[in-house]
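Notes to accompany the following structure.
The values are calculated or read from the model by the stated rules, or taken from the named source; none is laboratory data. Bear in mind the structure is a predicted one, so any value in this text is a computation, not a measurement. Counting neighbours? That spans all protein chains shown, and the Cβs are built from the backbone with ideal geometry, glycine included.
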Amino acid sequence: MKELCTFFVGQAGVQAASAVWEMLCLEHGVCRDGTIQYEPTLQEHRELNTVFEELTPHEKYVPRAVLADLEPSVIGMLSI
């Protein structure tokens, strides 16, 4: 199984990360709280695990991403 981890650096990177992850959540049906909106098939579940990391047995997903910025206010505005 392949896994995707993204790295974003600086204010522009963090702002881009916000847009990228918002779009990925929409494409994969993942809500902001990490739950999925539907019952995925086995193939869809595998695709979710490529982009998101399943943290709990209750199917809560979080993005695999590293965000770095010397100014903490930009990252602080994200609801992660």
Inspect all residues belonging to the range 17-40 and state whether any of them is modelled with pLDDT under 75 and surrounded by fewer than 14 Cβ atoms within 10 Å (Cβ to Cβ). no
Mind checking which residues of the range 41-79 are hydrophobic (A, V, I, L, M, F, W, C), modelled with pLDDT under 75 and surrounded by 12 or more Cβ atoms within 10 Å (Cβ to Cβ)? LEU48, VAL51, PHE52
Any residue in the range 21-32 that's free of Cβ contacts under 8 Å to residues at least 60 places away in the same chain: show its pairings with residues that are loosely packed, with under 13 Cβ neighbours inside 10 Å and of a type in the set (S, T, N, Q) at Cβ separation under 9 Å, as long as the two are six or more apart or on different chains. GLY29/GLN37; VAL30/GLN37; CYS31/GLN37; ARG32/SER79
Among the residues of the range 1-23, how many are in a helix (DSSP H, G or I) and touching a helix residue (DSSP H, G or I) at 6+ places or on another chain (Cβ under 6 Å)? 2
